[in-house]
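Student: Please read through the structure below; I'll follow up with questions.
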There are 2 protein chains.
Amino acid sequence: MHIALIGTGNVGRALAKAWAAAGHDVALGSRHPEAKKDLAEELGVPVIGIGEAAARAEVVVNVTPGAESIAALRTAGAESLAGKLLIDIAVGFTEEPHGMALSHPTVSLAEEIQSTFPEAQVVKTLSTMDSVVMTSPDSLAGPSTVFLSGDNPTAKSRTALLLTDLGWPPSSHLDLGPLETARGQEHFAHLFMGIAVSQGTYGFNVRVVPPKAE
Amino acid sequence: MHIALIGTGNVGRALAKAWAAAGHDVALGSRHPEAKKDLAEELGVPVIGIGEAAARAEVVVNVTPGAESIAALRTAGAESLAGKLLIDIAVGFTEEPHGMALSHPTVSLAEEIQSTFPEAQVVKTLSTMDSVVMTSPDSLAGPSTVFLSGDNPTAKSRTALLLTDLGWPPSSHLDLGPLETARGQEHFAHLFMGIAVSQGTYGFNVRVVPPKAE
């Protein structure tokens, strides 16, 4: 598949390498592609303008900082997103007097992206873990869970295939249901940070442990 | 230990039975104890007034609905909570136009309880799971995690012993650090509800899966 990753941070880089290694045609979209020549060489994938990357792609993946995602996707343009799978991985933070807060604390960022680009097929996933775990689920001491939220079943099925390409077996996928369940994935960021700080590592994930089979 | 559970809902009932079975001296505190005679008989533990229950106890456990917790604990009275371990299990919800929201979305309920009763030793725990799982961790298909947040190390150690009495081995306890990390436990409610609705059961928990040992 032709995949455009919008954003060139740790998550974009890790996913670009992993999906390219799985045989996909990957490009990174950047506001300043001309300043990212070294990155393109290092990763072996082109770094091009956000609009160009989105226009060419079959699948667009939002890996920008969450507080900037809507603006970055507006740069891509609604026409370039219409009818396409738009995978949203971002979680946005703001620094408040009482500590870290989500930039989209009520209606989720994923839902705001969907309402801003109603013709895109938004699926939220991978937002509950660090970039290393996203692309190396086997780095953990046992199987763990990756969540999916989205209103379009076909878009979720296509996302599931791309997760499998990253090393997430279907048994690790948990479909939470409609896109509004992205709120749960995003609000998990508070617990994620507590676990990360107390354990001194981002290299963990959670597993949903079901009831014993009867 | 003399334990007062403030609240007589599912969580209070389940914990009262389990801690009484483990040999603790348990009472349930209710606003209307005279109307709960059948409950007292059913559980085999006294149901008394909130103030009386708190005054007698060494450990007070808040299992009221989160949106009503501060008011219920005011009924107990600051003097009855001073110097005592106060275990907070509650998460509060409000119905907003956009869906479910936390009643304490910024500074956590646990922190608000602590600042309202500064002489209590507040520990947040057990708030990320259903009452059945709280008292039957073995009902799940494998080991899972129970989180602790609190500013007082002795209070957390005493809480850990009470968790062990419920069937949570020390290896399942994850100390997140100071009480402000209760925000993570409370915000997990959004993901909890998404998992519960999509899986059709409250009988699950999460396990933190660490990195592979090196």
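Student: Just give me the residues in the range B:103-141 being open to solvent by 30 Å² or more (accessible area, probe 1.4 Å), within 13 Å of the chain's Cα centre (by Cα) and hydroxyl-bearing (Ser, Thr, Tyr), in sequence order.
Tutor: Matches in the range B:103-141: B:135 only.
Student: While we're here: Given the conditions (1) more than 8 Å from chain B (Cβ to nearest Cβ); (2) part of a helix (DSSP H, G or I), which single one is not true for residue A:181?
Tutor: Checking residue A:181 against (1) more than 8 Å from chain B (Cβ to nearest Cβ); (2) part of a helix (DSSP H, G or I), the one that fails is (1).
Student: Which of (1) surrounded by 15 or more Cβ atoms within 10 Å (Cβ to Cβ); (2) more than 13 Å from every other protein chain (Cβ to nearest Cβ) does residue A:186 not meet, given it meets every other one?
Tutor: (2)
Student: Something else now. May I ask you to list the residues in the range B:130-149 that are in contact (Cβ under 8 Å) with a residue 60 or more places away in the chain and among the β-branched types (Val, Ile, Thr)? If you could, list the steps in order and put the result at the bottom.
Tutor: Our first condition is that a residue be in contact (Cβ under 8 Å) with a residue 60 or more places away in the chain; within the range B:130-149, this holds for B:130-135, B:137, B:139-140, B:142-145.
B:132, B:133, B:135, B:145, listed by residue number.
Student: Can you pull out the residues in the range B:142-183 that are of a type in the set (S, T, N, Q) and open to solvent by less than 40 Å² (accessible area, probe 1.4 Å)? Explain how you work it out, then say what you get.
Tutor: Of the range B:142-183, the ones of a type in the set (S, T, N, Q) are B:144-145, B:149, B:152, B:154, B:157, B:159, B:164, B:171-172, B:181.
Correct list: B:144, B:145, B:149, B:159, B:172, B:181.
Student: Further question: I need the full set of residues from the range A:1-14 which are touching a strand residue (DSSP E or B) at 6+ places or on another chain (Cβ under 6 Å) and open to solvent by less than 60 Å² (accessible area, probe 1.4 Å), in order please.
Tutor: Kept after step one, since they are touching a strand residue (DSSP E or B) at 6+ places or on another chain (Cβ under 6 Å), are these residues of the range A:1-14: A:1-6, A:8, A:12.
If the condition is that a residue be touching a strand residue (DSSP E or B) at 6+ places or on another chain (Cβ under 6 Å) and open to solvent by less than 60 Å² (accessible area, probe 1.4 Å), then A:3, A:4, A:5, A:6, A:8, A:12 are the ones that fit.
Student: Let me ask something additional. Which is within 13 Å of another protein chain (Cβ to nearest Cβ), at pLDDT below 95 and more than 30 Å from residue B:80 (Cα to Cα), of B:137, B:211, B:97? If you could, list the steps in order and put the result at the bottom.
Tutor: Details: B:137 fails: at pLDDT below 95; B:211 fails: at pLDDT below 95.
The conditions single out B:97.
Student: Another one. Would you confirm, using the coordinates I've provided, whether residue A:17 is in contact (Cβ under 8 Å) with a residue 24 or more places away in the chain and open to solvent by 60 Å² or more (accessible area, probe 1.4 Å)?
Tutor: Details: in contact (Cβ under 8 Å) with a residue 24 or more places away in the chain: yes; open to solvent by 60 Å² or more (accessible area, probe 1.4 Å): yes.
For residue A:17, the condition - in contact (Cβ under 8 Å) with a residue 24 or more places away in the chain and open to solvent by 60 Å² or more (accessible area, probe 1.4 Å) - is met.
Student: Return a yes/no flag: does the range B:28-44 have any residue that is without any contact (Cβ under 8 Å) to a residue 24 or more places away in the chain, surrounded by 16 or more Cβ atoms within 10 Å (Cβ to Cβ) and closer than 24 Å to residue B:136 by Cβ.
Tutor: Within the range B:28-44, the subset without any contact (Cβ under 8 Å) to a residue 24 or more places away in the chain is B:30, B:32-35, B:37-38, B:40-42.
Okay, now just the ones that are also surrounded by 16 or more Cβ atoms within 10 Å (Cβ to Cβ), so B:30, B:33, B:40.
Add one more test, that the residue is closer than 24 Å to residue B:136 by Cβ, and what stays is B:40.
Taking every residue of the range B:28-44 in turn, at least one turns out to be without any contact (Cβ under 8 Å) to a residue 24 or more places away in the chain, surrounded by 16 or more Cβ atoms within 10 Å (Cβ to Cβ) and closer than 24 Å to residue B:136 by Cβ.
Student: How many residues, within the range A:165-178, are more than 12 Å from chain B (Cβ to nearest Cβ) and part of a helix (DSSP H, G or I)? Spell out how you get there, then give the answer.
Tutor: Step one: list which residues in the range A:165-178 are more than 12 Å from chain B (Cβ to nearest Cβ), which gives A:165-171.
Within this subset, residues satisfying the condition of being part of a helix (DSSP H, G or I) are A:165, A:170-171.
Selection size over the range A:165-178: 3.
Student: Looking only at the range A:107-130, filter to residues that are in a helix (DSSP H, G or I) and within 14 Å of chain B (Cβ to nearest Cβ); which one of those is nearest to residue A:194 (Cα to Cα)? Steps first, please.
Tutor: Taking the range A:107-130 and keeping what is in a helix (DSSP H, G or I), we get A:109-116.
Retained after the next criterion (residues that are within 14 Å of chain B (Cβ to nearest Cβ)): A:109-112, A:114-115.
Values: A:109: 21, A:110: 23, A:111: 25, A:112: 26, A:114: 29, A:115: 31 Å.
The selected residue is A:109.
Student: Could you name every one of the strands (runs of 3 or more DSSP E) located completely within the range A:54-96 that has at least 2 residues being surrounded by fewer than 19 Cβ atoms within 10 Å (Cβ to Cβ) and touching a helix residue (DSSP H, G or I) at 6+ places or on another chain (Cβ under 8 Å)?
Tutor: On the way: elements: A:59-62, A:85-88, A:93-96.
Once the strands (runs of 3 or more DSSP E) in the range A:54-96 are filtered for at least 2 residues that are surrounded by fewer than 19 Cβ atoms within 10 Å (Cβ to Cβ) and touching a helix residue (DSSP H, G or I) at 6+ places or on another chain (Cβ under 8 Å), what remains is A:93-96.
Student: Filter the range A:194-208 down to the residues that are more than 7 Å from chain B (Cβ to nearest Cβ) and in contact with a Phe, Trp or Tyr (Cβ under 9 Å, 6 or more places away or on another chain), then identify the one that is least open to solvent (accessible area, probe 1.4 Å).
Tutor: A:196
Student: Still on this structure: Considering each of B:37, B:17 in turn, give the residue that is farther than 17 Å from residue B:134 by Cα and out of contact with any strand residue (DSSP E or B) (no Cβ under 7 Å at 6 or more places or on another chain).
Tutor: Details: B:17 fails: farther than 17 Å from residue B:134 by Cα.
Within the list B:37, B:17, the selection yields B:37.
Student: Which ones in the range A:139-164 are part of a loop (DSSP other than H, G, I, E, B) and touching a His at 6+ places or on another chain (Cβ under 9 Å)? Walk me through it before giving the result.
Tutor: Filtering the range A:139-164 down to residues part of a loop (DSSP other than H, G, I, E, B) leaves A:141-145, A:151-152.
Residue satisfying the conditions is A:145 alone.
The values are calculated or read from the model by the stated rules, or taken from the named source; none is laboratory data. These figures come from a predicted structure and were not determined experimentally. Note: ideal-geometry Cβ built from the backbone for every residue, glycine included; neighbour counts use all protein chains shown. Heavy atoms of the whole protein, side chains included, go into the accessibility calculation; ligands, DNA and RNA do not. Shrake-Rupley method; radii C 1.70, N 1.55, O 1.52, S 1.80 Å.
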